[in-house]
Amino acid sequence: MARESSFNKKSRIVLIVVLGLFSIGQLFPLVWLVDFSLCKSGDVYGANILKIPNPPQFINYYLAWRDGKIPQYFVNSIIVNVVSVLLVVLFSLMMGYAFVRMEWKWSNKVLTYVLLGLMIPIHATLLPNFVIFRQLNILDSYFALIIPYVAFSLPQAVFLMTGFIGSIPRALEESAIIDGCGIFRILFQIILPLSKPALVTVTVTTFLNTWNEFIMAATYLTSDRFRTLPFSVYNFAGQYASNYAVQFAVMTIVALPSLIVYIALNEQVTKGVTLGAVKG
């Protein structure tokens with residue numbers, strides 16, 4: 001028993017050390033980004049991986065905010081992401097309920113077709129979408145981002161929602177039907193409140209996937225009027241020289257909202273994924 005207890009203790013120490021090193025490796029890019037955002041632009045070319053700013057160049061953040069058009073791009077990002085997240089949450093809830101609870105002939109085949117979207121890379125749709133959006137005259141608009149963002153986020157959201165809704169007892173819905181509830185009252189007054197952990201997970205994952213997205217935005221947007229926050233980095237890149245320190249400051253500002261959202265809702269995200277996986 002003593003040897004077994006000693007072995008378990010050593011195994012736990014090794015596990016903690018390994019996870020600690022893994023965490024440091026995951027956090028290092030963020031530390032590196034913040035570190036050089038407080039340095040002078042020329043310090044990036046030094047031999048040091050990290051450099052203590054002396055003194056810290058907080059003016060980089062001022063320049064990033066003033067010259068990077070961050071307020072304008074931030075509003076565009078908020079509009080695009082809020083609308084995308086709301087649509088994904090609404091559609092995934094309704095589609096998940098339809099696939100799990102409603103009995104119709106092609107439900108399994110349609111669900112399989114929807115989940116196939118998990119295997120389609122973004123780059124494969126850039127040119128077809130560009131041609132379609134140009135014909136529909138919606139290039140360089142909010143719709144040019146909202147439509148593909150919702151389309152690419154729905155497969156993962158539907159996958160999570162079908163697993164979670166399947167764990168909800170049918171007796172609750174049967175009792176509601178006996179009391180005279182219609183399909184929409186059941187969906188929004190019973191299923192919706194019970195599915196909050198899964199909906200929070202869908203909200204956070206969709207937000208993280210769309211907030212920092214740049215490839216589609218760079219392909220479909222051409223004017224500053226609709227450009228999103230990642231474009232702020234471009235304002236400090238010149239043909240012959242770039243202000244890298246301010247670019248790091250911009251990237252730090254861009255990453256900050258997603259970090260705050262994830263840290264604030266991390267527990268609910270873990271709960272939603274776990275419950276959907278175990279009970280589904």
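Any read-out appearing in this document is the output of simple, stated calculations on the displayed coordinates, not a laboratory observation. Just so it is clear, the model here is predicted, and its values are computed rather than measured. Here the Cβ is made from the backbone with ideal geometry for all residues, glycine too, and neighbour counts use every protein chain on show.
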Evaluate the relative contact order of the chain (contact order divided by residue number), counting alpha-carbon pairs under 8 angstrom at least 6 apart; express in whole percent. 31 percent
Excluding residues fewer than 8 places away in the same chain, name every one of the aspartates and glutamates whose C-alpha is closer than 16 Å to that of residue 51. 35, 43
Which whole-number percent gives the relative contact order of the range 9-59, counting Cα pairs below 8 Å spaced six or more residues apart? 30 percent
Rank by packing, highest mean first: peptides 223-229, 100-106, 125-131, with packing defined as the count of other Cβ atoms within 10 Å averaged across residues. 223-229, 125-131, 100-106
Of (1) 122; (2) 210; (3) 142, which is the value of volume of the Cα convex hull per residue in Å³ derived from the coordinates here? (2)
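Quick check on the range 9-59: take the gyration tensor over C-alpha atoms, sort the square-rooted eigenvalues as a ≥ b ≥ c, and tell me if it's rounded (a/c under 1.5), prolate or oblate. List each step's numbers first, then the result.
Details: a/c = 4.02, a/b = 3.31, b/c = 1.22.
Note, shape of the range 9-59 comes out prolate.
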12 Å beta-carbon shell around residue 173, net charge (K/R +1, D/E -1): +1
Placing +1 at every Lys and Arg Cβ and -1 at every Asp and Glu Cβ, with all other atoms neutral, what dipole size does the chain have around its Cα centre, in debye to the nearest 20? 440 debye
Residues whose modelled amide H sits under 5 Å from the amide H of residue 195, counting only those 5 or more places away in sequence or on another chain, are none
For the range 27-34, in order, what is each residue's ³J(HN,Hα) by Karplus, 6.51 cos²θ - 1.76 cosθ + 1.60 with θ = phi - 60°, in whole Hz (x at glycine and Pro)? 7, 4, x, 5, 4, 4, 5, 5
Ordered by residue, what ³J(HN,Hα) values in Hz, to whole numbers, does the range 124-138 give under the Karplus form 6.51 cos²θ - 1.76 cosθ + 1.60, where θ = phi - 60° and Gly and Pro are x? 6, 10, 4, 5, x, 5, 4, 5, 5, 5, 5, 5, 7, 6, 10
Lys/Arg Cβ at +1, Asp/Glu Cβ at -1, dipole of the chain taken about the Cα centre: which of 252, 143, 29 is farthest positive-ward? 29
Residue-wise HN-Hα coupling along the range 183-193, computed from phi with Karplus coefficients 6.51, -1.76, 1.60 (Hz; x: Gly, Pro): 5, 6, 5, 4, 5, 9, 9, 10, 5, 4, x
